[in-house]
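Undergrad: Here it is, the structure in full.
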Amino acid sequence: MIDEITLANMADMLSIASDQTRLKILLCLLGENFAEETSPKEPIERNVNEIVAAVGASQSLVSHQLKILKDADLVQARRDGRQVFYSLSDIHVQKLIEVVLEHVLEK
């Protein structure tokens, strides 16, 4: 049986991932093209400007949502000079997004 702390952590993780802007960011980092309904590509690394362009939200909103995703260990950041590049934190995040997308597209 799963303990209450683990259950609460799972609920928190799913709650964080359930926001539409955050989902767009996660899909963007998965290599999803919002113009086409295709299955995700390989995970990629993008800077904030690339994410802003792909998601269609303001830079301040994207930055705020990236902080939430980073604090939840769903994305990771890598600094290269003045730029920060974001990517999915690991294969588990990739699988989670892929499974949810596959399930939704299955209809």
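The values are calculated or read from the model by the stated rules, or taken from the named source; none is laboratory data. This is a predicted model, so every value here is computed, not measured. So basically every Cβ, Gly included, is an ideal-geometry build from the backbone, and we count neighbours across all protein chains shown. Remember, those area values only see protein heavy atoms, side chains included, never the ligands or the DNA or RNA. Shrake-Rupley method; radii C 1.70, N 1.55, O 1.52, S 1.80 Å.
Undergrad: Of all residues in region 59-80, count the ones that are open to solvent by 60 Å² or more (accessible area, probe 1.4 Å) and farther than 22 Å from Met10 by Cβ.
TA: 7
Undergrad: Which of the residues that make up region 92-107 are of a type in the set (A, V, I, L, M), surrounded by 10 or more Cβ atoms within 10 Å (Cβ to Cβ) and more than 12 Å from the chain's Cα centre (by Cα)?
TA: Selection gives Val99, Val100, Leu101, Leu105.
Undergrad: Here's something else I'd like to know. Residue under question is Ala53, and the condition is that it be out of contact with any Cys (no Cβ under 6 Å at 6 or more places or on another chain), exposed (fewer than 11 other Cβ atoms within 10 Å of the Cβ) and in a helix (DSSP H, G or I); does it hold? Spell out the reasoning first.
TA: Working: out of contact with any Cys (no Cβ under 6 Å at 6 or more places or on another chain): yes; exposed (fewer than 11 other Cβ atoms within 10 Å of the Cβ): no; in a helix (DSSP H, G or I): yes.
It is false that Ala53 is out of contact with any Cys (no Cβ under 6 Å at 6 or more places or on another chain), exposed (fewer than 11 other Cβ atoms within 10 Å of the Cβ) and in a helix (DSSP H, G or I).
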